[in-house]
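Accompanying notes for the structure given below.
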Amino acid sequence: MPLSNAYLAYGSWWSSPFCRWQGSFASEHSMKLAAATGKAVLERKEIPATAFDGLVLGISVHQQHSFYGAPWMAGMMGLEGVTGATVSQACATSARMLAGAALEVETGYRNSLLAIACDRTSNGPHVYYPNPGGPGGKGTHEDPVWDNFGLDPHARNAMSETGENVAKRDGISREEQDEITLLRASQYEASLAEDRAFQKRYMASVTVGRGRRAKVIDADEGIFPITAEGLAKLRPATEGGTITFGSQTHPADANAGMIVCNAARAAELSGGSPVRVQLLSYGEARVEAGYMPTATVPAAMDALKRADLSIDDVDVFKTHNPFAVNDVYFCRTTGVAPERVNNYGSPLVYGHPQGPMGLRVVIELCEELQLRGGGVGLFTGCAAGDSAMALVVRVTG
């Protein structure tokens, strides 16, 4: 059964630029940066603090004081008395945030929640776990960003190996991956046309630094030109593999936000726009160990089933695609033409800051649907633990 009263306030959303690892956001506290960005957006859109009766924060990389989570975020934004959950589900963080917020609104428990996600993969924490019983009383340590990319403790493989496993099992060649990568790069280029007209529909400028060192970041940073010749010259990232550093994403830093609310609040908070964005359903899946990219398909089918829709009812498709393998597999399995997926960009090109990544993709999904006059959109993306989440939205007006 589809949700009936969960909406996203059209236009009252944002994504910061995505900055490549060790770029302009590398020294910024991700929660403080997100709070400043979100507060500025709400002020510009004349949305008061009283518009919200809840907040949900998504973050997957620890920052100093992030223990205080959503209440601290609300406090920094001037939303006194507002609280809520802090969500961390790797690359499914955004989808889980929106799903949880939608259920609260659907049941009438909340009327309007602000969903904010942020992550800084640059300069992530180094964690030490004391262990008096260890050799010499020494403990163990972990770099949460790199070590978790490098080893799934259950499947016993690196994230990149899941892509190689699917490529090998399903006969996905390097050539196919490079073709998809080139297509995704050209789709991203479309978002830069006419002085970045598409991106300017939602992207918020961010000021970093102080005083004379302050600078404004208003566009994605650190994206390399992608050409067929350049891709052909790259060696596989792992010996004997097919995935190169060109056909997989890169770590990045960013923040993003959306408002999840009921129909009445959506009309109030959409800046006078007649466009309505209804969140119809969400779905999830977990597949066999070591085959993470394949989870996007059953998650998508779960979400569509819950919305009483089929793949043929979908007008716009968006994916979180850490590897080009993901999109090759998705399109082969569902029969959806690659050209119909990820218009205007995707994380394969603009980067991978786990928490806010899905919010930006869903925002782009909704903006594309609005440009085409409405319709049904599907977002699906894989996540750690050989899992995935998906969302279905309908845009009208």
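The values are calculated or read from the model by the stated rules, or taken from the named source; none is laboratory data. Nothing here was measured: the structure is a model prediction, and the numbers come from that model. Because the Cβ atoms are built from the backbone with ideal geometry, glycine has one as well, and the counts that use them run over all protein chains shown.
Which condition from (1) of a type outside the set (Phe, Trp, Tyr); (2) part of a helix (DSSP H, G or I); (3) surrounded by fewer than 24 Cβ atoms within 10 Å (Cβ to Cβ) is the one that Asn343 breaks?
(2)
Filter the range 250-271 for residues that are crowded, with 22+ Cβ neighbours inside 10 Å, within 18 Å of the chain's Cα centre (by Cα) and either modelled with pLDDT under 95 or not charged (D, E, K, R) (or both) and give the result.
Ala252, Ala254, Asn255, Ala256, Gly257, Met258, Ile259, Val260
Which residue, of Pro298, Pro274, is surrounded by 14 or more Cβ atoms within 10 Å (Cβ to Cβ), at pLDDT 95 or above and not in a strand (DSSP E or B)? Explain how you work it out, then say what you get.
Values: Pro274 fails: surrounded by 14 or more Cβ atoms within 10 Å (Cβ to Cβ).
Being surrounded by 14 or more Cβ atoms within 10 Å (Cβ to Cβ), at pLDDT 95 or above and not in a strand (DSSP E or B) holds for just one of Pro298, Pro274, which is Pro298.
Return yes when Asp220 is without any contact (Cβ under 8 Å) to a residue 24 or more places away in the chain and among the charged types (D, E, K, R) and no when it is not.
On the way: without any contact (Cβ under 8 Å) to a residue 24 or more places away in the chain: no; among the charged types (D, E, K, R): yes.
Spelling it out, it is not the case that Asp220 is without any contact (Cβ under 8 Å) to a residue 24 or more places away in the chain and among the charged types (D, E, K, R).
Can you report the number of residues in the range 317-340 which are more than 15 Å from Ala300 (Cβ to Cβ) and in a strand (DSSP E or B)?
Of the residues in the range 317-340, 1 are more than 15 Å from Ala300 (Cβ to Cβ) and in a strand (DSSP E or B).
Tell me, please, whether a residue that is in contact with a strand residue (DSSP E or B) (Cβ under 7 Å, 6 or more places away or on another chain), part of a helix (DSSP H, G or I) and not basic (Lys, Arg) can be found in the range 280-289. Steps first, please.
From the range 280-289, those in contact with a strand residue (DSSP E or B) (Cβ under 7 Å, 6 or more places away or on another chain) are 280-286; that's our starting set.
Retained after the next criterion (residues that are part of a helix (DSSP H, G or I)): none.
The answer is no, given that none of the residues of the range 280-289 is in contact with a strand residue (DSSP E or B) (Cβ under 7 Å, 6 or more places away or on another chain), part of a helix (DSSP H, G or I) and not basic (Lys, Arg).
Select the helices (runs of 4 or more DSSP H) contained entirely in the range 145-208, then report the ones holding at least 1 residues which are at pLDDT below 95 and under 30 Å from Met31 (Cβ atoms).
159-170
Of all the residues that make up the range 365-383, how many are in contact with a helix residue (DSSP H, G or I) (Cβ under 7 Å, 6 or more places away or on another chain), of a type in the set (Gly, Ala, Ser) and surrounded by fewer than 22 Cβ atoms within 10 Å (Cβ to Cβ)?
Here is the first cut: in the range 365-383, the ones in contact with a helix residue (DSSP H, G or I) (Cβ under 7 Å, 6 or more places away or on another chain) are 367, 375-382.
Narrowing the set further to residues that are of a type in the set (Gly, Ala, Ser) leaves 375, 377, 381.
Checking the rest, the ones that are also surrounded by fewer than 22 Cβ atoms within 10 Å (Cβ to Cβ) come to 375.
The total comes to 1.
Could you run through the range 228-252 and say how many residues are in a loop (DSSP other than H, G, I, E, B) and in contact (Cβ under 8 Å) with a residue 12 or more places away in the chain?
Narrowing the range 228-252 to residues in a loop (DSSP other than H, G, I, E, B): 234-235, 237-243, 245-247, 249-250.
Filter once more, keeping what is in contact (Cβ under 8 Å) with a residue 12 or more places away in the chain: 234, 237-238, 241-243, 246-247, 249-250.
Residues meeting the conditions: 10.
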